[in-house]
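Here is the structure we will look at.
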Amino acid sequence: MKITAAEVFVGGPGKNYVTLKIMTDQGIYGLGDATLNNRETLPAAYLQDYLIPCLIGRDPRNSEDIWQYFYRGAYFRGGPIAMAAYGAIDMALWDIKAKLADMPLYQLFGGKSREGALVYAHAQGTDLEELLDSIAGYQEQGYKAVRVQCGIPGMPSASYGVSAQKGKAHNYITDFQGDAPHEEIWDTDKYLRFIPRALDRIRGQFGDELKLLHDVHHRLLPREAAQLGKELEPYRLFWLEDPTPAEDPAALRLIRQHTTVPIAIGEVFNSLWDCKQLIEERLIDFIRISATYGGGITHLKRIVDLAALHEVRTGFHGAPSHSPISMAAQAHLNAWAPNFGIQEYLVLDTPECDALFPSEHRVENGLFHVSDQPGLGVDFDESEARRYSYKRGFHPVARLEDGTLWNY
Ligand code: CS2
Ligand code: MG
């Protein structure tokens with residue numbers, strides 16, 4: 001069996017998805033996702049200019065060797081651009097293998113360990129009242145877990161994860177379009193004063209059962225994060241995410257000395273080496289790396305197994321940062337992983353997105369039910385894809401009130 005051709009598509013409804021399609025001499029094709037938010041053309045160029053020419057003629061069933069060939073074979077290893085490109089290739093090869101086996105992918109890992117995988121939705125508000133309504137809306141739809149993000153009183157612009165306009169859902173591409181990053185103002189003191197009060201209201205209104213998550217988005221210093229974790233303990237968060245910048249794992253030692261709040265980190269990681277110390281020293285409770293920037297299924301599965309050895313559970317980074325193809329890859333891992341924790345899930349099922357990526361994966365009552373179709377269980381409609389083209393966008397930049405640049 002041989003790979004005969006591969007093509008990359010960039011674009012999508014309200015978002016630049018980077019989709020790889022690998023064709024074989026047996027008519028079976030595989031799909032992969034290389035979407036790197038607001039840098040989408042870069043993994044696409046790496047695939048087109050360097051990787052696809054090396055794929056032609058290879059046996060697509062040798063996904064391990066192909067992964068090692070690209071990762072170890074490169075003198076300059078890793079990084080989000082390269083790992084997103086390898087990730088797309090790897091997903092497509094697993095898709096082909098599972099289609100050859102005529103099985104849904106999770107069967108190749110060891111079958112299903114659960115009927116449905118717990119997901120969390122993103123509740124947000126420019127103020128607390130709007131956030132409470134947003135949480136209530138998700139609860140009515142059956143969600144059992146929500147991430148809660150709220151505008152901070154007195155902060156000149158909205159805090160991370162919150163739409164700038166009241167009543168407007170945050171969209172990762174339309175909000176970020178333009179020729180330069182939008183700048184936000186951050187004020188740690190106001191944030192630290194407000195968040196415990198907000199969590200108190202939320203717990204009081206929604207009771208004990210609803211699982212609550214909160215994303216700090218790398219904004220705090222280690223001591224501040226320890227203080228916040230301690231103050232939030234009475235509200236029993238499911239997790240506190242990215243309390244400090246992820247490139248400094250030792251900061252977590254200080255946080256762990258002071259609080260038992262569960263910690264989730266890893267959405268900006270792209271290899272096992274980024275995760276290793278946090279997992280081995282049990283400095284986190286959930287690992288957030290994604291199948292896309294994390295080098296695909298082959299590498300992600302290795303991270304899941306290392307995490308299991310240290311009682312760290314999964315909480316993969318989710319849509320819409322990645323396409324439904326990546327979501328499907330993670331859904332098959334979520335169905336199998338003995339140490340599954342939760343899956344981030346933002347509603348992607350607009351008619352346009354469903355038309356571009358048809359699938360039978362579905363979320364019901366807050367659980368993700370993986371498709372039983374052979375392979376990843378998601379397709380890609382090329383005629384739909386032709387409706388879209390690339391649009392440039394940037395993540396915002398955060399500054400303190402005096403102008404000092406801060407972590408976004
Ligand atoms: C966020 C991300 O989902 C999350 O937890 O932190 O959506 C993040 O802001 C984007 O993926 C950035 O590309
Ligand atoms: Mg996050």
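The values are calculated or read from the model by the stated rules, or taken from the named source; none is laboratory data. The model shown is predicted, which means the values in this text are computed figures rather than measured ones. Positions of Cβ are backbone-derived with ideal geometry, glycine not excepted, and every protein chain shown enters the neighbour counts. The protein model used for the area step is the full one, side chains on, heavy atoms only, and it has no ligands, DNA or RNA in it. Shrake-Rupley method; radii C 1.70, N 1.55, O 1.52, S 1.80 Å.
Count of the stretch 14-43 residues, restricted to those that are among the β-branched types (V, I, T) and on the phi > 0 side of the Ramachandran plot, is 0. With respect to the conditions (1) part of a loop (DSSP other than H, G, I, E, B); (2) of a type in the set (D, E); (3) under 24 Å from A44 (Cβ atoms), D372 lacks only one, and its number is (3). Any residue in the stretch 305-322 that is of a type in the set (K, R), more than 23 Å from A123 (Cα to Cα) and in contact (Cβ under 8 Å) with a residue 24 or more places away in the chain? So far as the stretch 305-322 goes, no, none of its residues is of a type in the set (K, R), more than 23 Å from A123 (Cα to Cα) and in contact (Cβ under 8 Å) with a residue 24 or more places away in the chain.
Which helices (runs of 4 or more DSSP H) does the stretch 1-101 wholly contain that include 1 or more residues that are open to solvent by 40 Å² or more (accessible area, probe 1.4 Å) and touching a Phe, Trp or Tyr at 6+ places or on another chain (Cβ under 7 Å)? Walk me through it before giving the result.
Working: elements: 41-46, 52-55, 63-71, 80-101.
Result: 41-46, 80-101.
Yes/no per residue for (1) at pLDDT 95 or above; (2) closer than 25 Å to P243 by Cα; (3) in the same structural domain as P243 (by TED's automatic domain parsing):
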site: I135; (1), (2), (3): yes, yes, yes
site: E140; (1), (2), (3): yes, no, yes
site: P153; (1), (2), (3): no, yes, yes
site: A158; (1), (2), (3): no, yes, yes
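Quick test for you: out of N339, N334, pick the one residue that is outside any loop (DSSP other than H, G, I, E, B), of a type in the set (S, T, N, Q) and within 22 Å of G295 (Cα to Cα).
Numbers: N339 fails: outside any loop (DSSP other than H, G, I, E, B).
N334 is the lone residue from the list that is outside any loop (DSSP other than H, G, I, E, B), of a type in the set (S, T, N, Q) and within 22 Å of G295 (Cα to Cα).
Please go through the stretch 315-372 and give me each residue that is under 17 Å from Y106 (Cβ atoms), buried (at least 24 other Cβ atoms within 10 Å of the Cβ) and of a type in the set (S, T, N, Q), ordered by number. Result: S326, Q330, N334, Q343.
Per-residue answers, yes or no, for (1) small (G, A, S); (2) outside the structural domain of Y191 (by TED's automatic domain parsing):
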| site | (1), (2) |
| --- | --- |
| D49 | no, yes |
| P53 | no, yes |
| R58 | no, yes |
| D65 | no, yes |
| A82 | yes, yes |
| A88 | yes, yes |
| K97 | no, yes |
| R114 | no, no |
| H122 | no, no |
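Got at least one residue in the stretch 291-301 being closer than 22 Å to F238 by Cβ and either outside the structural domain of A329 (by TED's automatic domain parsing) or open to solvent by 10 Å² or more (accessible area, probe 1.4 Å) (or both)? Checking the stretch 291-301: not a single residue is closer than 22 Å to F238 by Cβ and either outside the structural domain of A329 (by TED's automatic domain parsing) or open to solvent by 10 Å² or more (accessible area, probe 1.4 Å) (or both). Is it the case that F286 is touching a Leu at 6+ places or on another chain (Cβ under 9 Å), within 15 Å of ligand 1 (Cβ to nearest atom), open to solvent by less than 30 Å² (accessible area, probe 1.4 Å) and not assigned by TED's automatic domain parsing to the domain that holds E40? No. I'd like to know if the stretch 237-255 contains one or more residues that are in a loop (DSSP other than H, G, I, E, B), modelled with pLDDT under 95 and charged (D, E, K, R). Yes, that holds for at least one residue.
Filtering the stretch 206-234 to residues that are in a loop (DSSP other than H, G, I, E, B) and either within 16 Å of ligand 1 (Cβ to nearest atom) or not assigned by TED's automatic domain parsing to the domain that holds R147 (or both) leaves V216, H217, H218, R219, L220.
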